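Asker: The following block contains the structure, expressed as structure tokens.
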Amino acid sequence: MQYYQVADDVFCLRGTDVNMVLAREGGALTLIDAGWLKDADAIERSVRALGHRPEDIVAVLLSHAHLDHIGALRHLHDRYGIPAYTAPAEVGHARGEYHESATPLDVIRRAWKPRTLAWAVRIAAAGGLRENSAPHIQPFPTEGALDLPGSPVPVPCAGHTSGHSAFHLPAVGVVATGDALVTAHPTSNIEGPQLLPDFFNHSTGGALDGLAAFDAIEADLVVPGHGPLWKEGIRRAAEIARGRAAGN
């Protein structure tokens, strides 16, 4: 199964070691993040298994422009005309004008670890060695809640990248944190709320500061970009991640 329900009309889609979120309102859908390049088929299969068509996706919201989140954006746009939006500070990154991401060399240096090596093989097969961008992407059309299925509210939390956003779905108490906060990753030995390892972050200090964005949010359920769901609240998740980053 490549998807499962996490709240009323909200689903987690599973790509290659990465999570995406689908919010439904009637027959219309919002997709948050788009996996790796070759996760496009998994997205389409999941959408159809839920009784919809890919054309029912009104828009894709991008947390940040790393290859494991931007993957299917161009495919969805070129084939179905689906627009994509991200924070203004992330647009240039998504269009490929500059890069704020780990390099293949960063991964190779850590590939002596069996779990990291196995992950590297999986992501290479998923398109991780191919350049990918979304020249059609646009900044969020409005501030605050977006007029899209699920009424997602962008939450600025820069650090992992300069324009990273999480997305709050207030009506169902869900936060899709992207990579601002995860609960596991194949390159990490930690389980539970955490920042990604330093080599993935544009600024780990910035990512740590970015956790403050979650302190004012009321939401019990966290759907991270990587790792299992967290059901003890976004504030508690941020507190744990902050403590771990500080070595506590």
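Asker: Quickly work out the E25-to-E55 label distance, labels modelled 7 Å from Cα along the C-beta direction, and quote it in nm with one decimal.
Answerer: 2.1
Asker: On full extension of the chain, what length is gained from D215 through R115, given 0.36 nm per residue of separation minus the C-alpha to C-alpha distance?
Answerer: 32.7 nm
Asker: Another one. Could you work out the mean projected area of the convex hull around the alpha carbons of the stretch 34-170, in square nanometres to one decimal?
Answerer: Working: hull surface 35.7 nm².
Seen from a random direction, the Cα hull of the stretch 34-170 projects 8.9 nm² on average.
Asker: Take the Cα gyration tensor of the stretch 17-91, multiply each eigenvalue by 5, square-root it, and list the three semi-axes largest first, rounded to whole angstrom.
Answerer: Numbers: eigenvalues 67, 37, 24 Å².
One finds semi-axes of 18, 14, 11 Å for the stretch 17-91.
Asker: Can you compute the modelled spin-label distance between Y80 and L129, with each label point 7 Å from Cα toward Cβ, in nm?
Answerer: Placing both labels 7 Å along Cα→Cβ, they lie 3.0 nm apart.
Asker: With r as the distance between the Cβ atoms of E191 and I108 and R0 = 30 Å, compute the FRET efficiency 1/(1 + (r/R0)^6) and round to 0.05. Each step should come with its number before you reach the end.
Answerer: Values: r = 25 Å, r/R0 = 0.84.
For I108 and E191, the calculated efficiency is 0.75.
Asker: How much of the DSSP beta bridge set in the chain is antiparallel, as a percent to the nearest 5?
Answerer: On the way: 23 of 35 bridges.
DSSP beta bridges in the chain are roughly 65 percent antiparallel.
Asker: Farthest toward the dipole's positive end in the stretch 101-248, which of A207, A245, H164, given Cβ charges of +1 (Lys, Arg) and -1 (Asp, Glu) about the Cα centre?
Answerer: Of the options given, the answer is A245.
Asker: Also: Loop sites only, by DSSP: take the trypsin sites (Lys or Arg not before Pro) in the chain that have at most 13 other C-beta atoms within 10 Å and name the longest stretch containing none of them. List each step's numbers first, then the result.
Answerer: On the way: sites that count: R109, R130, K231.
Maximal segment without exposed cleavage sites: 1-108.
Asker: So how strong a dipole does the stretch 1-54 carry about its Cα centre when Lys and Arg Cβ are +1 and Asp and Glu Cβ are -1, to the nearest 20 debye?
Answerer: That gives a dipole near 180 debye.
Asker: Still on this structure, I have one more. Let me know the longest stretch in the chain that avoids all chymotrypsin sites (Phe, Trp or Tyr not before Pro) found in a DSSP loop with at most 13 other C-beta atoms within 10 Å. Don't skip to the answer; put the middle values down first.
Answerer: Numbers: sites that count: Y98, W112.
My reading of the result: 113-248 is the longest stretch.
Asker: Something else now. To the nearest 20 Debye, how big is the dipole of the stretch 72-132 about its Cα centre, given +1 on the beta carbon of each Lys and Arg and -1 on that of each Asp and Glu?
Answerer: Numbers: 9 positive and 6 negative charges, 84 e Å.
Dipole about the Cα centre, nearest 20: 400 debye.
Asker: Could you tally the net charge around V58, taking each other residue with its Cβ under 10 Å from the Cβ of V58, Lys/Arg +1 and Asp/Glu -1? Please list the in-between numbers first.
Answerer: On the way: positive: none; negative: E25, E55, D56, D147.
That sum, taken over residues with Cβ under 10 Å, equals -4.
Asker: A further question follows. Quick one, which of (i) 22.1; (ii) 17.6; (iii) 20.1 is the actual Kirkwood radius over Cα pairs in Å calculated for this model?
Answerer: Computed from these coordinates, Kirkwood radius over Cα pairs in Å corresponds to label (ii).
Asker: Around H136, with a cut-off of 11 angstrom between Cβ atoms, what is the net charge of the other residues, counting Lys and Arg +1 and Asp and Glu -1?
Answerer: Details: positive: R74, R95; negative: D78.
Taking every other residue near H136 into account, the sum is +1.
Asker: Give me the net charge for the shell around G15: Cβ to Cβ below 14 angstrom, other residues only, Lys and Arg +1, Asp and Glu -1. Can you show the working numbers first?
Answerer: Working: positive: R14, K38, R45, R122; negative: D17, D33, D39, D41, E44, D68, D179.
With Lys, Arg at +1 and Asp, Glu at -1, the neighbours total -3.
Asker: Based on Cα coordinates alone, diagonalise the gyration tensor for the stretch 169-248, multiply each eigenvalue by 5, take square roots, and list the semi-axes in whole Å, largest first.
Answerer: 19, 13, 11
Asker: So how strong a dipole does the chain carry about its Cα centre when Lys and Arg Cβ are +1 and Asp and Glu Cβ are -1, to the nearest 20 debye?
Answerer: Numbers: 20 positive and 28 negative charges, 167 e Å.
So the dipole magnitude of the chain works out to roughly 800 debye.
Asker: Between K231 and R48, how many nm apart are label points set 7 Å from Cα along the C-beta direction?
Answerer: 3.2
Asker: Tell me the per residue accessible area of the stretch 9-155 using a 1.4 Å probe; a whole number in Å² is fine. All intermediate terms of the calculation are to be shown ahead of the outcome.
Answerer: On the way: 6550 Å² over 147 residues.
Ligands and nucleic acids excluded, the figure is 45 Å² per residue.
Asker: Express in nm, to one decimal, how much length is gained between Y4 and R122 on full extension, taking 0.36 nm for each residue of separation and deducting their alpha carbon distance. Present the calculation step by step, with values, prior to reporting the outcome.
Answerer: Values: separation 118, 0.36 × 118 = 42.48 nm, distance 2.18 nm.
Roughly 40.3 nm would be gained on extension.
The values are calculated or read from the model by the stated rules, or taken from the named source; none is laboratory data. Treat the numbers as computed from the prediction; the structure is a model and nothing was measured. Here the Cβ is made from the backbone with ideal geometry for all residues, glycine too, and neighbour counts use every protein chain on show. These area figures cover heavy atoms from the full protein model, side chains too; ligands, DNA and RNA do not enter into them. Shrake-Rupley method; radii C 1.70, N 1.55, O 1.52, S 1.80 Å.
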